[in-house]
1. Which is the longest part of the chain that has none of the chymotrypsin sites (Phe, Trp or Tyr not before Pro) sitting in a DSSP loop with at most 16 other Cβ atoms within 10 Å?
2. Hey, could you get me the Stokes-Einstein D for region 11-112, Kirkwood radius over alpha-carbon pairs, 37 °C and 0.692 mPa s, rounded to whole µm² s⁻¹?
3. Looking at region 16-54, which trypsin sites (Lys or Arg not before Pro) are DSSP coil and have at most 14 other C-beta atoms within 10 Å of their C-beta?
4. What dipole magnitude, in Debye to the nearest 20, does the chain give about its Cα centre under +1 on Lys/Arg Cβ and -1 on Asp/Glu Cβ?
5. Ignoring any ligand, DNA or RNA, what whole percent of the accessible area of region 11-112 comes from carbon and sulfur when the probe is 1.4 angstrom?
6. Averaged per residue, what accessible surface does the chain expose to a 1.4 Å probe, in Å²?
7. Mean residue ellipticity at 222 nm from the helices of the chain, using -39,500 (n - 2.57) per DSSP H segment of n ≥ 4 over the full residue count, to the nearest 500 deg cm²/dmol?
8. Given 0.36 nm per residue, what is the gain on full extension from L73 to R58 after removing their alpha carbon distance, in nm?
Amino acid sequence: MRFYRGRVVDLTDIREITADLPRSYEVLVRDRIKFRVGQIVYLAVAADEQTIGLGFPREERAAALAAEPDKFLPPRPSDERFQWIELNLAAVDYDELRELILDAWALCVPKKVRREYFGDQGQD
């Protein structure tokens with residue numbers, strides 16, 4: 001278990017990271033907190049708040065699952081067709097969580113928005 005500021009990262013950290021992301025907003029769908037850009041969900045918090053699902057490149061999913069099985073979990077079978085992976089929050093610190101959330105958000109915003117947010121380095 002990894003700790004950030006003496007504790008495991010949680011929903012407060014997720015909200016802090018997503019707060020200033022352009023076009024991002026939080027919704028409650030069937031008692032689950034989700035973060036969207038338009039109608040696209042890029043992050044979903046599990047009911048127990050121990051794991052999250054987030055956008056993740058489909059072509060990189062198998063490698064991530066094999067390399068870090070304590071951190072990454074496969075998506076539900078119904079979500080396998082999407083660019084999606086599950087993440088164990090106890091296995092990441094704040095900086096890694098932030099990076100993964102930014103990557104998930106970047107998958108679903110227009111390139112122009114991505115470039116403006118990240119500056120010239122972009123994440124194209």
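1. Working: sites that count: F3, F82.
Result, exposed sites excluded: 4-81.
2. Details: Rh = 13.7 Å.
After rounding, the answer is 240 µm²/s.
3. Details: sites: R23, R30, R32, K34, R36; in loops: R23, R30.
Listed in order of number, the matching sites are R23, R30.
4. Values: 19 positive and 23 negative charges, 93 e Å.
Charge dipole of the chain: 440 debye, to the nearest 20.
5. 51
6. On the way: 7210 Å² over 124 residues.
On a per-residue basis, 58 Å².
7. Details: 4 runs with 39 residues, N = 124.
Counting only the DSSP helices, I get -9000 deg cm²/dmol.
8. Working: separation 15, 0.36 × 15 = 5.40 nm, distance 1.31 nm.
This chain segment gains 4.1 nm when fully extended.
The values are calculated or read from the model by the stated rules, or taken from the named source; none is laboratory data. Just so it is clear, the structure is predicted and the values come from calculations on it, not from any experiment. Methodologically, a virtual Cβ is constructed for each residue, glycine included, from the backbone with ideal geometry; neighbour enumeration extends over all protein chains shown. Each accessible area value is taken on the protein alone, full model and side chains, heavy atoms only, with ligands, DNA and RNA left out. Shrake-Rupley method; radii C 1.70, N 1.55, O 1.52, S 1.80 Å.
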